[in-house]
Amino acid sequence: MPAPAWGGRVFAEVTRSAPHASLAPSARLSWGWSDFITAPEQAGEVRFRLKSARIEAGARTPLGPAFVGAFLGVDVGSLTGNAPDLPRFSKVSAPWAAWSGAVRTGVNVAPWLAVELAATLLVPFERPRFDLRDPPRVAYAAPAVLFEGSAGVVA
């Protein structure tokens, strides 16, 4: 994103592990959103919302009360732009699809509760671009690689 974007993601994960195994295979399904604003010349603010579902597969390694995991997946959804300051402008949506790669680490603070940090790279299959006319200018063009950092509580 052109500036930090804020959003949220909810997920469900299944992890299977043997009592003394060093790796535990995992699968995660999530849904999330992210909001950001651009300010192209002569347009005021253009507000964007990315909504996506993500499916990931990977493995976790227990390290005492902590864990580390690596995941690969696919992120699909839509990217919608709205320019309320421009007359005769309506919402515009583009499909969103990207590969995802994540590294997660966390600490189990109880058998049913953990705190988790994650770093994710997203590589879009196609890079959506939002252009404005009169005069022609770019409101947003997705970069080749996006970074997503997250922190959360897992119950």
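Assorted remarks:
- Peptides ranked, highest mean first, by Cβ atoms within 10 Å: ranges 51-64, 132-145: 51-64, 132-145
- Per residue, the accessible area of region 7-65 comes to 61 Å², computed with a 1.4 Å probe over protein heavy atoms only.
- Ranked by how many other beta carbons lie within 10 Å on average, peptides 119-130, 11-22 from highest: 119-130, 11-22
- Cβ-derived FRET efficiency at R0 22 Å, Ala110 paired with Ala151, nearest 0.05: 0.80
- Phi to ³J(HN,Hα) by Karplus 6.51 cos²θ - 1.76 cosθ + 1.60 over region 57-70, Hz, x for Gly, Pro: 10, x, 8, 10, 10, x, 10, x, x, 9, 8, 9, x, 10
- Label zone at Val68 (point 7 Å along Cα-to-Cβ), backbone N below 14 Å, region 91-108: 103-107
- Convex hull volume per residue in cubic angstrom - Cα atoms of the chain: 102 Å³
- Hz values of 3J(HN,Hα) by residue in region 98-109 - Karplus curve (6.51, -1.76, 1.60), Gly and Pro given as x: 8, 6, 10, x, 10, 10, 10, 9, x, 10, 7, 8
- Inter-label distance, nm, simple model (7 Å from Cα along the C-beta direction), Ala94/Ala119: 2.7 nm
- Fraction of accessible area attributable to carbon and sulfur, region 1-100 (%, probe 1.4 Å): 64 percent
- Here the gap between Asp131 and Arg47, fully extended at 0.36 nm per residue and compared with their Cα-Cα distance, gives a gain of 28.9 nm.
The values are calculated or read from the model by the stated rules, or taken from the named source; none is laboratory data. Just so you know, these numbers come straight off a predicted model, no measurement behind them. Positions of Cβ are backbone-derived with ideal geometry, glycine not excepted, and every protein chain shown enters the neighbour counts. Ligands, DNA and RNA are excluded from the accessible area calculation, which covers all protein heavy atoms including side chains. Shrake-Rupley method; radii C 1.70, N 1.55, O 1.52, S 1.80 Å.
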